[in-house]
Amino acid sequence: MVKQNSCIFISGNGTNLKALIKNSKDYKFPINICLIITNNKNAKGLNLAKLYNIPFNIFDLGKLRDQQKALTELKKRKITLICLAGYMKILSKDFIKKFNGKIINIHPSLLPKFKGLNTFSKAIQAKEKFTGCTVHFVNEKLDSGRIILRKKVLLQPNENKESLKLKVQKEEYKAYSKAIIKIYN
Ligand code: GRF
């Protein structure tokens with residue numbers, strides 16, 4: 001099986017990145033992780049890049065010069081899939097166009113519900129019975145691209161933001177890899 005070369009974009013802890021790295025070691029998993037890009041030089045997830053010897057770059061994609069550098073890196077490494085995993089910046093329309101249909105994201109709610117930030121408090125406040133996570137293609141509108149896969153979690157009556165985050169993220173680690181398998185199968 002020929003694996004796709006992928007790049008993971010992160011801004012923070014990188015726990016989704018960790019799950020993807022682990023799964024990518026399986027010869028049947030459709031992607032190799034060839035590059036990590038972050039906007040945040042202090043992102044904890046960069047420790048994983050060092051630990052697993054994955055090349056990484058710190059770029060401010062809001063700046064044209066950095067965007068150009070990122071495009072060069074992505075091209076050099078023949079990247080065919082970009083996975084946003086806790087990447088907290090909005091990509092420019094131009095960048096998205098260049099990778100049309102090749103950027104995916106994981107979002108901590110059952111889209112189309114609760115786009116944007118603070119999804120756990122929003123779900124609790126709305127007294128939802130279920131929430132969860134969604135893996136979707138990225139288009140020009142925030143959290144609005146075609147849905148690849150969703151995973152549900154049940155909200156308990158005493159649920160708080162922290163407990164919910166733990167539950168949802170546990171599902172995310174499985175959902176992201178399942179979605180990638182789904183894309184290439
Ligand atoms: C995840 O909850 C993801 O859904 C959201 O940002 C969080 C990233 O967490 N987009 P991590 O950096 O993977 O730990």
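The values are calculated or read from the model by the stated rules, or taken from the named source; none is laboratory data. For clarity, every value in this text was computed on a predicted model and none was experimentally measured. When we count neighbours, we look across all protein chains shown, and the Cβ atoms used for this are built from the backbone with ideal geometry, even at glycine. Just the protein is used for accessible areas: all its heavy atoms, side chains included, with ligands, DNA and RNA removed. Shrake-Rupley method; radii C 1.70, N 1.55, O 1.52, S 1.80 Å.
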- Query: If we sort 8-18, 151-161, 110-120 on the protection proxy, mean other Cβ atoms within 10 Å, highest first, what's the order?
  - Reply: 8-18, 110-120, 151-161
- Toward the positive end of the charge dipole of the chain, about the Cα centre and with charges on Cβ (Lys, Arg +1; Asp, Glu -1), which of Phe130, Phe120, Cys34 goes farthest? Cys34
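If you place +1 on the Cβ of every Lys and Arg, -1 on the Cβ of every Asp and Glu, and leave all else neutral, what size is the dipole of the range 23-145 about its Cα centre, to the nearest 20 Debye? Let's see the in-between values first.
Working: 23 positive and 8 negative charges, 34 e Å.
Charge dipole, the range 23-145, about its Cα centre: 160 debye, nearest 20.
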- Long pairs among Lys22/Lys152; Lys122/Lys170; Lys127/Lys167; Lys63/Lys113, criterion Cα-Cα beyond 25 Å: Lys63/Lys113
- Task: For Lys18, go through the aspartates and glutamates and keep the ones whose alpha-carbon is under 17 Å away, minus same-chain ones fewer than eight residues off.
- Result: Asp26, Glu171, Glu172
- Task: Could you order peptides 29-35, 176-182, 121-127 by the average number of other Cβ atoms within 10 Å of their residues, highest first?
- Result: 29-35, 176-182, 121-127
- So how tilted is helix 161-184 from the main axis of the chain? Cα-based, degrees 0 to 90, rounded to 10. 50 degrees
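Ignoring ligands, DNA and RNA, what accessible area per residue does the chain give at 1.4 Å, in Å²? Walk me through the numbers on the way to the answer.
Details: 10450 Å² over 185 residues.
Per residue, the chain has an accessible area of 56 Å².
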- Task: Run the numbers on the range 59-183 and let me know its relative contact order in percent, using alpha-carbon pairs under 8 Å that are six or more apart.
- Result: 21 percent
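What shape does the range 1-73 have by the C-alpha gyration tensor, where a ≥ b ≥ c are the square roots of the eigenvalues, rounded means a/c under 1.5, and otherwise prolate means a/b greater than b/c and oblate the rest? Walk me through the intermediate numbers first.
Working: a/c = 2.63, a/b = 1.45, b/c = 1.82.
Verdict is oblate for the range 1-73.
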- Message: Run the simple label-point estimate for Lys22 and Lys113 please: 7 Å along Cα→C-beta, distance reported in nm.
- Response: 2.8 nm
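Ignoring any ligand, DNA or RNA, what whole percent of the accessible area of the range 58-121 comes from carbon and sulfur when the probe is 1.4 angstrom? Please list the in-between numbers first.
Values: 2050 of 3670 Å².
Answer for the range 58-121 is 56 percent, counting heavy atoms of protein chains only.
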- Describe numerically, in nm with one decimal, the distance between label points set 7 Å from Cα along Cα→Cβ at Lys50 and at Ser163. 3.7 nm
- Task: Would you calculate a helix-derived [θ] at 222 nm for the chain, using -39,500 (n - 2.57) for each DSSP H run of n ≥ 4 and dividing by the full residue count, to the nearest 500?
- Result: -11000 deg cm²/dmol
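Magnitude of the Cβ-charge dipole of the range 101-185, K/R +1 and D/E -1, about the Cα centre, nearest 20 debye? Display every interim value, and only then the final one.
Details: 18 positive and 7 negative charges, 42 e Å.
Computed charge dipole of the range 101-185: roughly 200 debye.
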- Could you pull out the pairs from Lys141/Lys178; Lys25/Lys182; Lys25/Lys151; Lys3/Lys161 whose alpha carbons sit more than 28 Å apart here? Lys3/Lys161
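Please state the relative contact order of the range 1-73 as a whole percent: Cα pairs under 8 Å, 6+ residues apart?
Working: 107 pairs, mean separation 22.5, N = 73.
Normalised by residue count, the contact order of the range 1-73 is 31 percent.
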